[in-house]
1. At 7 Å along Cα-to-Cβ for each site, give me the label-to-label distance between residue 34 and residue 20 in nm.
2. Tell me which label goes with the value of Cα Rg over 2.2 N^0.38 Å computed from the coordinates here: [x] 1.17; [y] 2.15; [z] 1.00.
3. Using only helices, what value at 222 nm comes out for the chain when you add -39,500 (n - 2.57) per DSSP H run of length 4 or more and divide by the total residues, to the nearest 500 deg cm²/dmol?
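Derivation of every value follows stated rules applied to the coordinates shown; laboratory data play no part. Owing to the predicted nature of the structure, the values given are computational and were not obtained by experimental measurement. Here the Cβ positions follow ideal geometry from the backbone for every residue, glycine too, while neighbour counts run over all protein chains shown.
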């Protein structure tokens, strides 16, 4: 019984690894195409607009949306 489960697990793992490899290649190709398009856009007259668009996106990503104003202990006293 145990050897059959091990064999099934090995087959499943091999299929998983193969699928992961294919997905990894697809992501690499998509990223490469996206960066190529970006480089082409930055080479045109409207590059300043693209740079500001990228900066706004970067700013949105790094902005902390969960601002903590104060932390209180179990008695309700504000911790410093």
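1. Here the answer is 2.1 nm between the modelled labels.
2. [y]
3. Here the helix-only value at 222 nm equals -25500 deg cm²/dmol.
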